[in-house]
């Protein structure tokens, strides 16, 4: 079949219809020709300046990969920085940093994508986008939106979980899968929104506000999958940050991967490294809760039985006490003890009185013996003196001895309890046998025993008054 005259492919040769057919190239040959063309256009290393984006460094190999872009255009250039060419500055590399790169322009054949193989990297200041982000971050931090004190604890068992994300994204599938595994019957309310591109920030803020207005929602998950810093930029917008801060429910942020940190993460009540981790933080494990409840039930039953057994043992011990078997014993035993103590006290008082009387008799005998001995000695001494001097000395000595004897006799009489009683004093004991010194020791109706010089008087108290002067 020949092509029609107006066919746009009429000038193209048909494969297999001409002997001078163009050669068919393999994909690798095309990539090699592109590499040769790039090599001719950039025979030597070049300096390129731009803003770092989507920086990542391989853990095992140590190679660094990132994109270099302009702030005023969408142009982007991939960069590979092998470990052998890296300087200590690699530890300071981060998204938003402006750098100058000296490297070779080449093509990565497996993907037929051109890139720069960096030989040297130098800092050139922060990019405009990064500077704007830092200014916004400082302003919101000054308002207290990132203050740890305003972070709210997540509910232990929420009634409903709200999710603000794209309904067609992988983040929602991960969240549903994790929650379905951890708590199968947990209600989930999805508030759909765009997660990147023009107008995504307003969409996300509106989705959060819708969930905030729902009283049945108790925790909100704001999530999306990983991507470059440009893909995640909507979560650095002021509208989204303020929507998270004013949300009526605790917010869990699960934006991007673990290394991606946005302003939404700082404003949220809890930042999770991934959407799956956000779902795990927001919803407890039902099986673990059931195990915990079962353990507490066992502990409660054990504690209840221990308490009942302890109280039963105490009741049995109290019931076996002699006072419970014979309640009158509780009064009879103390009464017998009081009577016994009263008898012992009376015996002790009589013993002490007899002892004092014996000591007084001994002192009197010793005093008489001493006086007799000294009188005899004085008589002999007086006989040896002249009569007039002897008479005068005798009179003085006799007067002194008589005075001394009178003093000793007065002391002896003062120490004799019977002498005190003979002067009109008495000793009164209460119903318990104790000596009475105050009127408030007895009460009307108490029986008293009063010891006089000769005999005892048994009386009953009618009134008892304290002297206010003596207290």
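The values are calculated or read from the model by the stated rules, or taken from the named source; none is laboratory data. It should be emphasised that the depicted structure is a prediction, and the values quoted were computed from it without experimental measurement. Here Cβ is always computed from backbone atoms with ideal geometry, including for glycine, and neighbour counts include all displayed protein chains.
Brief remarks on what is shown
- Screening residue 112 with (1) touching a residue at least 24 places away in the same chain (Cβ under 8 Å); (2) exposed (fewer than 14 other Cβ atoms within 10 Å of the Cβ); (3) under 30 Å from residue 214 (Cβ atoms) gives one miss only, at (3).
- Residue 390 being part of a loop (DSSP other than H, G, I, E, B), at pLDDT below 75 and more than 30 Å from residue 347 (Cβ to Cβ): no
- If only residues of the range 177-199 that are within 19 Å of residue 233 (Cα to Cα) and modelled with pLDDT of 90 or more are counted, the one that is surrounded by the most Cβ atoms within 10 Å (Cβ to Cβ) is 195.
- Filter result (surrounded by 10 or more Cβ atoms within 10 Å (Cβ to Cβ) and assigned to a helix (DSSP H, G or I)) within the range 411-427: 411, 412, 413, 415, 417, 418, 419, 420, 421, 422
- Filtered residues of the range 115-153 (kept if part of a loop (DSSP other than H, G, I, E, B) and either buried (at least 18 other Cβ atoms within 10 Å of the Cβ) or in the same structural domain as residue 78 (by TED's automatic domain parsing) (or both)): 127, 145, 146
- A single entry from 103, 96, 62 fulfils the requirement of being out of contact with any strand residue (DSSP E or B) (no Cβ under 9 Å at 6 or more places or on another chain) and surrounded by 13 or more Cβ atoms within 10 Å (Cβ to Cβ): 62.
- Here residue 252 clears all of (1) farther than 24 Å from residue 131 by Cβ; (2) modelled with pLDDT under 95 except the condition numbered (2).
- Candidates 265, 174, filtered to the one that is at pLDDT 90 or above, more than 22 Å from residue 135 (Cβ to Cβ) and either in a helix (DSSP H, G or I) or in contact with a helix residue (DSSP H, G or I) (Cβ under 9 Å, 6 or more places away or on another chain) (or both): 174
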